[in-house]
Each structure stands twice: as C-alpha cells, then as structure tokens.
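Asker: Quick one: the structure is below, and I'll ask about it shortly.
The values are calculated or read from the model by the stated rules, or taken from the named source; none is laboratory data. For clarity, every value in this text was computed on a predicted model and none was experimentally measured. Cβ placement follows ideal geometry from the backbone for every residue including glycine, while neighbour counts extend to all protein chains displayed. To get the accessible areas, we keep the full protein, side chains included, count just its heavy atoms, and leave off ligands, DNA and RNA. Shrake-Rupley method; radii C 1.70, N 1.55, O 1.52, S 1.80 Å.
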Amino acid sequence: MKKQILFTLFMAMQVCLVAQTTGKWFGKMIINQSNSLTVAFEVSKDTDGKFAAVMHSVDQKAYNIPADSVRVDGSELYISIVALAAEYNGTIAQDSSVCGHMSFPGGVSMKLDMQYTHNFPFTIAERPQEPKLPLPYMSKEVEFENTNIAIKLRGTLTIPGNDGPYPAIVLISGSGASDRNQTIFGHKTFLVMSDFLTRAGFAVLRYDDRGAAESEGSFLSATILDHAEDAAYAIDFLKSREFVDTLSIGLLGHSLGADIAPVTCSMNPSVSFAILMAGAAKPLKDIIVEQCDAIYPTMGISAKGTQLNKDILEALFAAIEFEHDIKKAKEKGVSVLESFESRAQDLFPGDKEKLGYTTPLTINTWGSLFVPYMKHDLFHDNAKYLEQIKCPVLVIGGDKDLQVLPHHVKLIEEILVNSGNKNVTAKLYPGKNHLMQDAQTGAPSEYGDIKNTIAPDVINDIIHWIRTNACSPQKN
C-alpha cells in the first residue's frame with residue numbers, strides 16, 4: 001500500500017509538471033554582462049498530446065515566431081526555432097520556473113531562466129491585415145519535391161476559385177530559415193501578401209524553406225543556389241495544377257529572396273515574370289557592411305564604433321573568401337580579431353554594449369559568418385544572374401530601407417536594362433522601409449510597432465503591374 005501511494009504521488013507530480021509546461025513563460029536572456037533580452041514562450045498541447053509553441057522576442061518587438069519542434073521529457077523542456085537557428089533547453093522546477101539556456105550556431109549559449117505566468121506583462125501587437133476565417137478563396141496544404149536531392153517541401157497554395165486557369169505566383173522568402181508566412185517581427189508577411197494577391201485573382205504558393213517548419217532538408221547547408229533550385233521545382237509543381245495558367249507563372253522574392261529569384265529564372269526559363277522587392281544588386285558581404293553603417297547610428301553607436309565594425313567585417317571577409325575549410329577560416333578569423341584588439345579596447349563602454357563586443361574579442365561574436373551556407377552567400381554575384389533575366393521584371397524598394405539601401409533599386413534597374421531586358425519597371429517608394437511598410441525612421445526596431453504588415457499602395461501596385469505586364473493574353 002505504501003508503494004502504491006508513493007507511485008500515485010509520483011504520477012500526480014508528473015501530470016502536474018506537464019500541465020505547468022503548457023501556458024505562458026517569460027524571462028531575461030543574458031547576452032553578456034551588460035545586455036539582455038526579454039524572451040517569452042507560449043506552449044500549447046493539442047488533443048493528440050502533441051506540443052507546439054510560439055516565441056516572442058519582446059524587446060525586439062518580434063512576436064509569434066513559430067517553434068519547429070517542442071519536446072517535454074519529464075522535467076526537461078526542449079524547443080527548436082529553425083528560423084533563428086536557435087534551440088532552448090530547460091529544466092522545469094516545481095515552483096513554476098524553468099532554468100535553461102538558448103543555443104545558437106558557433107557554440108554560442110545564453111542563459112534564459114523563465115517564470116510561468118497567466119498574463120504577460122507586455123502586449124502582443126495587433127496585425128489587422130492578417131486574414132480572418134472564413135476565407136473567400138480556397139486554401140490547400142500542399143507538398144512538392146526537389147527530386148534532385150529527394151526532399152519534400154511543404155506549404156500552402158491559395159486559389160481564387162474553381163474557374164481558372166489563374167496566373168500564379170511563387171513567393172520566395174528572405175534570409176534566415178523562414179516558415180511559409182515569412183514571419184518577421186511578428187508580421188506574417190507572406191500570409192498577408194498571399195491573401196491580397198489571391199483575392200485579386202492569382203493563385204499563390206508559399207512554402208517553408210528547406211529545413212524549416214514542415215519542409216525536409218537542411219537549411220544550414222543550403223546556399224542561394226539551393227533555395228533557387230527549390231523555387232524552380234515550385235514552378236514545376238504549379239505547372240501540374242489544372243487551375244494554373246502555365247503561361248503566367250512568376251516569382252516574388254523579398255530581401256534575399258529577391259537575390260534568389262534571378263537564379264531561379266536562370267534555372268527555369270519558363271518563369272513569366274519576376275518581382276524583386278527590397279533586393280540587392282551587390283553581394284551579401286557588401287550589403288552587411290552597408291546596413292551596419294546605416295543602422296548602427298540609429299542605435300546610438302558612435303562613428304568610431306561603426307567604423308571599427310566595418311573594418312573588422314571587411315578584414316574577416318577578405319580572410320575567409322578563398323578559404324573553403326571552415327575550421328581554417330575560423331583560425332584566420334581569430335588572427336584578424338587579434339589585430340583589432342587595441343581599437344576594441346578603446347571603444348566607449350556604450351559602444352561595446354550595443355555592438356555586442358566582449359574584450360578580448362571572440363570569434364563567436366561573428367559565428368554566423370562561418371555557418372556553411374554563409375560561406376557561399378557572402379560572395380554570391382547577384383549581377384551575374386540579373387543580367388540573364390529576359391522576362392518582365394518589377395523592382396521595388398523603400399527610401400527608408402536601412403537593410404538594403406535605396407540605391408539598389410536604381411542599380412538593379414540599370415543592370416537589367418543594360419543587359420537588354422525590354423520590360424523593366426522600377427519604383428522607389430517614399431516613406432517605406434525594408435518590409436515595405438509606411439515607416440517613420442526605417443529602423444528595424446520600428447517594424448514590430450507598425451500595425452500594417454505591408455503598405456496597401458505597394459500591394460495594389462504589384463497587383464496592377466502583374467495584370468498589365470505579366471498575364472498571358474487569355475487572362476487579359
């Protein structure tokens with residue numbers, strides 16, 4: 001009887017522990033001695049006992065970042081967020097707390113202890129443009145295969161109705177392992193775009209990047225060329241749908257997706273049109289330097305700190321460009337950092353804090369540069385592929401974009417026109433940021449505060465351009 005009582009108590013404790021796992025958790029993720037971020041999770045469990053979660057990076061105003069997997073093993077909690085290349089591991093205590101850490105590429109680990117709460121001490125931002133059920137069109141969960149490497153990519157296909165055939169659009173996400181909605185700072189960019197576009201009469205395919213959410217494959221080893229290949233297979237998939245106008249299948253790429261789209265055009269010449277939104281004309285290594293120079297002053301980083309960051313990045317790029325072995329590249333990186341140590345020591349404490357520098361400098365601060373796919377993408381020649389596009393192209397950007405600076409709209413237009421493309425439309429929107437929102441400053445810290453996911457005039461212009469320039473005669 002005593003053993004039975006103990007067993008019953010043990011089982012009751014386990015049930016209580018699992019019950020406390022679901023719900024709301026939040027705490028401070030310790031970046032270094034001076035910096036921390038408020039991070040929260042909402043953990044749920046469906047009727048089949050499967051766990052799910054969303055993450056909120058509160059100080060960055062990035063909400064509802066979907067977790068790709070959640071596992072509870074006794075008192076151990078494991079959450080994977082592929083979009084951030086991050087994993088959380090924690091141990092649940094009986095006082096409704098979790099002690100754990102977030103892990104990032106390059107061996108970076110940050111302490112994150114959390115408390116359970118019924119109500120967060122912060123507000124989740126409104127997103128009025130997100131579609132509400134019931135939808136006035138069909139939405140289907142689909143999968144297609146990249147047969148070259150035998151991986152299945154899963155996403156959502158939205159279809160205006162049963163009439164057809166409809167012009168179709170493949171949405172290509174930007175940097176980072178993105179889900180099919182391209183969730184950024186709490187905005188589900190592609191969910192909103194697909195809703196607008198489908199209501200306007202276009203079939204739209206959006207899908208999880210390889211290695212993200214429900215798609216197979218590895219994101220960390222996938223380059224721009226690999227993602228372009230996935231998009232090429234997405235076009236082939238749409239060609240097999242009876243309600244799709246096979247003469248009017250195009251691409252819409254945002255940010256790095258606008259760099260991927262031209263490569264897809266070179267792989268699949270049947271692309272009917274391409275929309276390049278906030279894309280770049282130069283390699284990623286140049287874009288990173290440009291955006292740091294633009295964004296860091298808005299963060300209060302001094303000119304001295306901004307210049308040091310630029311010099312370090314350019315020296316690291318030069319050291320690793322022709323070194324294919326990651327281990328050796330890191331060794332060269334360590335030597336590079338040693339040469340900047342005295343300058344880093346002389347920085348104002350505020351600069352060090354905002355730049356995330358620790359002195360002595362550590363290679364882990366630049367760990368993302370040594371992830372396998374980054375070694376290729378940093379030096380990818382965008383112009384080479386832009387020159388090959390002969391289908392109609394719409395190039396758009398915002399004059400408050402601090403991530404891919406406004407002059408890239410003109411640079412892309414010039415490359416396309418000079419290479420003989422006869423149908424190029426380029427527009428730089430005043431007051432728009434990198435997400436093509438109506439913005440005050442354009443700083444990334446502002447994205448999450450803006451209610452609209454995309455400015456209505458931008459999406460309306462996209463719809464009008466496709467109808468005017470890119471639909472086959474049977475749909476005009």
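Asker: Which FRET efficiency value, to the nearest 0.05, is calculated for Ile31 and His464 with the Förster distance at 51 angstrom and r the Cβ-Cβ distance?
Answerer: Approximately 0.70, to the nearest 0.05.
Asker: Using a probe radius of 1.4 Å on heavy atoms only, what accessible surface per residue do you get for region 301-355? Whole Å² is fine.
Answerer: Per residue, region 301-355 has 55 Å² of solvent-accessible surface.
Asker: Now for a different question. Could you tell me what % of all Cα pairs in the chain have separations over 43 Å?
Answerer: Value for the chain (Cα pairs over 43 Å): 18 percent.
Asker: For His376 and Thr246, FRET efficiency with R0 = 41 Å and r from the beta-carbon atoms, rounded to 0.05?
Answerer: Given R0 = 41 Å and the Cβ-Cβ separation, E is 0.80.
Asker: Limiting things to C-alpha atoms, what are the Rg and the maximum Cα-Cα separation (Dmax) for region 324-476, in angstroms?
Answerer: Cα-based Rg and Dmax for region 324-476 come out at 21.1, 67 Å.
Asker: Using a Cα distance threshold of under 19 Å, what count of lysine pairs results for region 335-476 when pairs must be 8 or more residues apart or interchain?
Answerer: 14
Asker: Could you quote the convex hull projected area for region 96-174, Cα atoms only and averaged over all directions, in nm²?
Answerer: 10.9 nm²
Asker: Under 1.5 on a/c is rounded, so check that first for region 231-385, then, if it is not, pick prolate when a/b is larger than b/c and oblate when it is not; a ≥ b ≥ c are the square roots of the alpha carbon gyration tensor eigenvalues.
Answerer: Prolate, because a/c is 1.5 or more and a/b exceeds b/c.
Asker: Sequence neighbours fewer than 8 away in the same chain don't count; with that in mind, list the aspartates and glutamates whose C-alpha is under 13 Å from Lys111.
Answerer: Glu87
Asker: I need the phi-derived Karplus couplings for region 364-370: 6.51 cos²θ - 1.76 cosθ + 1.60, θ = phi - 60°, integer Hz, Gly and Pro marked x.
Answerer: For region 364-370, the Karplus-derived couplings read 4, 4, 10, x, 5, 5, 10 Hz, x marking Gly and Pro.
Asker: Run the Debye formula on the Cα coordinates of region 56-152, all scatterers equal and no solvent, and tell me log10 I(q)/I(0) at q = 0.12, 0.20, 0.23 1/Å.
Answerer: Here the Debye-derived log intensity ratios amount to -0.63, -1.15, -1.28.
Asker: So what's the projected area for region 353-432, the Cα convex hull averaged over all directions, in nm²?
Answerer: For region 353-432, the mean projected area of the Cα convex hull comes to 7.4 nm².
Asker: Which order do the peptides 431-437, 456-462 take when ranked by the mean count of other beta-carbon atoms within 10 Å per residue, highest first?
Answerer: Listed from highest to lowest mean packing, they are 431-437, 456-462.
Asker: Summing -39500 (n - 2.57) over the DSSP H runs of n ≥ 4 in the chain and dividing by its residue number, what mean residue ellipticity at 222 nm do you reach, to the nearest 500 deg cm²/dmol?
Answerer: After summing the helix terms and dividing by residue count, I get -10000 deg cm²/dmol.
Asker: Charges at C-beta only: +1 for Lys and Arg, -1 for Asp and Glu. How large is the resulting dipole of region 234-317 about its Cα centre, in Debye rounded to 20?
Answerer: Value, rounded to 20: 80 debye.
Asker: Let me ask something else about it. Calculate the translational D of region 239-328 in whole µm² s⁻¹ from Stokes-Einstein, where the hydrodynamic radius comes from the Kirkwood formula applied to all Cα pairs, the temperature is 20 °C and the viscosity 1.002 mPa s.
Answerer: Rounded, D is 132 µm²/s.
Asker: Mind giving me the nanometre distance, one decimal, between the label points for Ser109 and Ser368, set 7 Å out from Cα along Cα→Cβ?
Answerer: 2.2 nm
Asker: Determine Rg/Rh for region 88-230; Rg is computed over alpha-carbon atoms and Rh is the Kirkwood hydrodynamic estimate from the same atoms.
Answerer: My calculation of the ratio gives 1.06.
Asker: Give, as a single signed number, the net charge of other residues whose beta carbon lies under 14 Å from the beta carbon of Asn35, with Lys and Arg counted +1 and Asp and Glu -1.
Answerer: +1
Asker: Considering only the other residues whose Cβ falls under 15 Å of the Cβ of Leu428, what net charge follows from Lys and Arg at +1 and Asp and Glu at -1?
Answerer: -3
Asker: Would you mind computing the Rg to Rh ratio of region 267-315 from its alpha-carbon coordinates, Kirkwood style for Rh?
Answerer: 1.22
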